[in-house]
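All remarks here apply to the structure that follows.
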Amino acid sequence: MSLAVEAFAKVNLSLVVLGRRDDGFHELDTLFQTIDLSDRLVLSEAEGLTLEVDDPAVPADGRNLVLRAAEALREEARISRGAAITLRKGIPAGGGLGGGSSDAAAALVGLRALWGLDVGLATLERIGTALGSDVPFFLHGGTARGTGRGERIEPLPDAPSRGVVLLLPPFGVSTAEVFGRLGAPRLTASGAVSNLSNPGPERFPDRNDLEPAAEAQAPELRRLRMLLQDAGALRARLSGSGSTVFGLFPDVETARAAADRIMSAGPGARVRVAATLGRDEFRARTAPRGAEPGEGRS
Ligand code: C5P
């Protein structure tokens, strides 16, 4: 049997750093949003656990979160089943779009189905948290608030649907270095964006506190953000720690027109157009389904 699972990207519509914690991580209050740019995993029954990736820039060994997710799920379920996994990348790696984390979440959901495991969402969230701060979000999708390291997820009502222009510079930025440059004060108890539970997406500020540090590391990022602003973006921000810069537009058509104008100016970055993806559509499109004949390994 072979199953296919779609793994979507995210942007951070808002990202507030509340302070540096004693464990070295930063306490965040962030607003995640899935967009319809995706990777595709095909999972086939097999003796051993293997991974093939079509993007040479992405490691296919034990550093890949997909293999680490598979191993963690096997351990949790105390089984020794195998899977031949192929990963087709559509999400640029190392760009703050959550591609690796989304792949890990898709692997958890897909392998649970392939192996017929009786494992609940709370367990997948626990496994995901150990893999990376962004993984639990991709078990929910849509619009959601992330607190703690970003791993504590509160699903929120969908933010209004928008067209998205992504500017992908030919370089990445180091997440650890961006956080390291912040010089954020130690965490104090106060400062959360909202103390209400389930605040609407509109309560989150148009702000990414990682932007100044990322733009200090790569000044080019500020120029890209200004390009989006000048093209009429409703909001133009760095996603996560970058290096992707995104602009929100009223709809996909407007986003496409802005992307064309930006492209003709020779922006020095790859340009992609996407749409925000609400939770219902995310759920429907990430449900594991039978793979097309010839997809993955048989
Ligand atoms: O969670 P992830 O592996 O992406 O984190 C990479 C690095 O970014 C961490 O080692 C840490 O230095 C920094 N980080 C942080 N606070 C967070 C998330 C990441 O300081 N909430």
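The values are calculated or read from the model by the stated rules, or taken from the named source; none is laboratory data. Every value quoted in this text rests on a predicted model; they were computed, and no experiment measured them. For neighbour counting, all protein chains shown are included, and Cβ atoms are generated from backbone atoms with ideal geometry for every residue, glycine included. The area values use the complete protein model at the heavy-atom level, side chains included, leaving out ligands, DNA and RNA. Shrake-Rupley method; radii C 1.70, N 1.55, O 1.52, S 1.80 Å.
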**OP:** Check the range 63-75 and report whether any residue there is in contact (Cβ under 8 Å) with a residue 24 or more places away in the chain, within 15 Å of the chain's Cα centre (by Cα) and away from the ligand (no atom under 16 Å from the Cβ).
**Re:** no
Original post:
In the range 205-225, how many are open to solvent by less than 50 Å² (accessible area, probe 1.4 Å), farther than 17 Å from residue 183 by Cα and not in a loop (DSSP other than H, G, I, E, B)?
Top reply: 3
**OP:** Would you tally the residues in the range 245-298 being charged (D, E, K, R), more than 24 Å from residue 105 (Cα to Cα) and in a helix (DSSP H, G or I)?
**Re:** 4
Original post:
Among all residue pairs at least 6 apart or on different chains, which show Cβ distances below 7 Å where the first residue, located in the range 135-154, is on the phi > 0 side of the Ramachandran plot and the second is open to solvent by 10 Å² or more (accessible area, probe 1.4 Å) and assigned to a loop (DSSP other than H, G, I, E, B)?
Top reply: 142/158; 142/278; 150/133; 150/134
**OP:** Could you check residue 98 against (1) free of Cβ contacts under 8 Å to residues at least 24 places away in the same chain; (2) within 16 Å of the ligand (Cβ to nearest atom) and say which number it fails?
**Re:** (1)
Subject >> Test for residue 145: is it open to solvent by less than 50 Å² (accessible area, probe 1.4 Å), of a type in the set (D, E, K, R), more than 12 Å from the ligand (Cβ to nearest atom) and modelled with pLDDT of 95 or more >> reply: yes
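Being within 11 Å of the ligand (Cβ to nearest atom), part of a helix (DSSP H, G or I) and either among the hydroxyl-bearing types (Ser, Thr, Tyr) or open to solvent by 30 Å² or more (accessible area, probe 1.4 Å) (or both) is the filter here; which residues of the range 118-139 pass it?
129, 130
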Subject >> Leading residue by the ranking (nearest to the ligand (Cβ to nearest atom)) among those in the range 24-46 that are more than 20 Å from the chain's Cα centre (by Cα) and at pLDDT 95 or above >> reply: 43
Original post:
Scanning the range 168-202 for residues that are open to solvent by less than 40 Å² (accessible area, probe 1.4 Å) and modelled with pLDDT of 80 or more, which turns out nearest to the ligand (Cβ to nearest atom)?
Top reply: 178
Original post:
Taking only pairs six or more apart or across chains, which ones have beta-carbon atoms under 6 Å, a first residue in the range 228-248 that is in the same structural domain as residue 259 (by TED's automatic domain parsing), and a second residue that is open to solvent by 10 Å² or more (accessible area, probe 1.4 Å) and basic (Lys, Arg)?
Top reply: 231/261; 236/225; 245/225; 248/162; 248/235
Original post:
Which one of these is more than 12 Å from the ligand (Cβ to nearest atom), at pLDDT below 95 and either open to solvent by less than 10 Å² (accessible area, probe 1.4 Å) or under 14 Å from residue 89 (Cα atoms) (or both): 9, 57?
Top reply: 57
Original post:
Say we look at the range 140-155 and pick out the residues that are outside any strand (DSSP E or B) and touching a Leu at 6+ places or on another chain (Cβ under 8 Å); which of these is farthest from residue 9 (Cα to Cα)?
Top reply: 149
Original post:
residue 232: touching a helix residue (DSSP H, G or I) at 6+ places or on another chain (Cβ under 8 Å), in a loop (DSSP other than H, G, I, E, B), within 14 Å of residue 28 (Cα to Cα) and among the small types (Gly, Ala, Ser), yes or no?
Top reply: no
Original post:
Is there any pair linking a residue in the range 11-36 that is part of a strand (DSSP E or B) to one that is within 10 Å of the ligand (Cβ to nearest atom) and basic (Lys, Arg), with Cβ under 9 Å and at least six apart or on different chains, and which?
Top reply: 26/20; 26/149; 27/20; 27/21; 27/149; 28/149
Subject >> Search result, residues across the range 80-133 that are more than 17 Å from the chain's Cα centre (by Cα) and hydrophobic (A, V, I, L, M, F, W, C) >> reply: 83, 84, 85, 111, 113, 114, 115, 117, 119, 121, 122
Original post:
Within the range 55-70, can you find the residues that are under 15 Å from residue 101 (Cα atoms) and of a type outside the set (Val, Ile, Thr)?
Top reply: 59, 60, 62, 63, 64, 65, 67, 68, 69, 70
